[in-house]
Amino acid sequence: MPKPTSQRAAEKIAKVAARPNDLVTLWREVTDVLAEAIPHYWEPCFYSVDPASLLITSHFQENLAEFPPECLTAEYYDDDVNQLADLARSASGITTLHDATRGDPRRSPRWHRNMKLGGDQEMIVALRTRSGEMWGAAALYREPGRPLFTSDEKELLRSLAPHLAEGTRRALLVGAATDPEGLESPGLIILNDRGDVESATPGTDRWLSELPGGDADGAALPPAVLSVATRALRTAKSRDRPGEVALARVLSRGGTWVVLHGASLDSAREHRVAVIIEPAHPAR
């Protein structure tokens, strides 16, 4: 018996989100899955968001290289509906332009901007982790004359949001660790399910030597690294909480705080995990 569309989409999104990809690669792979699961016009629009301020930090839509400045201004300055900050605070975490305007989207300046690109309908979901942090948003569109987004389609997109949130968070961390800039750049270690180091980015040895119980040559991994790695591997095997990022805050030997993130990785061979080590910013 074939699996329902929603189940197939959830399994595919979970696998895509668990890969050690940069953000653009993640969005492109997610685009292919969404095209099969929810019919929509053109391409989805993705945003990454700072979970503390709820400000947009990046935008991606295939074939739209630059987010129109007037759209960004309207997002935070104008009075309108379907704005990301309002969506982040909503209970449901999902909205459509037609619902928000009670069936008359012509009242919304946002609708008029969308129509210039051919999008009559807009459905936006907050990409929130199960713990409630919003790391991004995804928007789907439909052209004039198409049926409205259904309640089943809304629920499907909402159910995919936690996977997409964790994928966004992971992609941002992996991207920063694999493209380092300066001494404070994050370090990235890939471990197998036996705790063996498979690879590490340049500069990671410095982070390991700063953590209690570790050394620069990697002969002894710090307990904090093994802890977040094990926790992340555990979540990868859980059907209820798949792929969540494990997190620990550690006081370094130098007296500064360091944050470790453990993220399970999708692999056909064996379970693997990425541990990202970075300085703790004030919000942490």
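The values are calculated or read from the model by the stated rules, or taken from the named source; none is laboratory data. Here the structure is a predicted model, which means the values were calculated and not measured. Positions of Cβ are generated from backbone atoms using ideal geometry, with glycine treated the same way; all protein chains shown enter the neighbour counts. Note: accessible area is taken over every heavy atom of the protein model, side chains too, but ligands, DNA and RNA are not part of it. Shrake-Rupley method; radii C 1.70, N 1.55, O 1.52, S 1.80 Å.
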**Item:** Size of electric dipole in the chain: Cβ of Lys, Arg +1 and of Asp, Glu -1, about Cα centre, debye, nearest 20
**Value:** 880
**Item:** For the stretch 105-209, with +1 on Lys and Arg beta carbons and -1 on Asp and Glu, the positive-most of P144, L160, S199 along the dipole
**Value:** P144
**Complete:** Most packed first (mean Cβ within 10 Å per residue), the peptides 162-170, 222-230 order as 162-170, 222-230
**Asked** Tell me, what ³J(HN,Hα) does each residue in the stretch 112-125 have, in order and in whole Hz, if you take phi through Karplus 6.51 cos²θ - 1.76 cosθ + 1.60 with θ = phi - 60° and put x for Gly and Pro?
**Response** 5, 5, 5, 5, 5, 9, x, x, 7, 9, 9, 10, 10, 10
**Asked** Extension gain L251-E62, at 0.36 nm per residue separation less the Cα-Cα distance, in nm?
**Response** 63.9 nm
**Message:** Just to verify a number: FRET efficiency for Y76 and D99, C-beta to C-beta distance, R0 = 30 Å, to 0.05?
**Reply:** 0.85
**Prompt:** Hey, if you put +1 on the Cβ of every Lys and Arg and -1 on every Asp and Glu Cβ in the stretch 12-85, which of L23, C45, T57 ends up farthest toward the positive end of that dipole?
**Reply:** L23
**Fill in**
For K116 and R146, extending 7 Å from Cα along the Cα-Cβ vector and measuring point to point gives, in nm, a value of 2.1
**Prompt:** At a 1.4 Å probe radius, carbon and sulfur cover how many percent of the accessible area of the chain?
**Reply:** 51
**Asked** What size of dipole, in debye to the nearest 20, comes out for the stretch 43-163 about its Cα centre when the only charges are +1 on Lys and Arg C-beta atoms and -1 on Asp and Glu C-beta atoms?
**Response** 260
**Placed amide H near S252: partners under 5 Å, 5+ positions off or other chain** = W257, V258
**Message:** Within 13 Å, Cβ to Cβ, of T73, how many net charges do the neighbouring residues add up to if Lys/Arg are +1 and Asp/Glu are -1?
**Reply:** -3
**Request:** Could you list the GluC sites (Glu not before Pro) in the stretch 12-112 that lie in coil according to DSSP, counting only those with at most 13 other Cβ atoms within 10 Å of their Cβ?
**Result:** E66
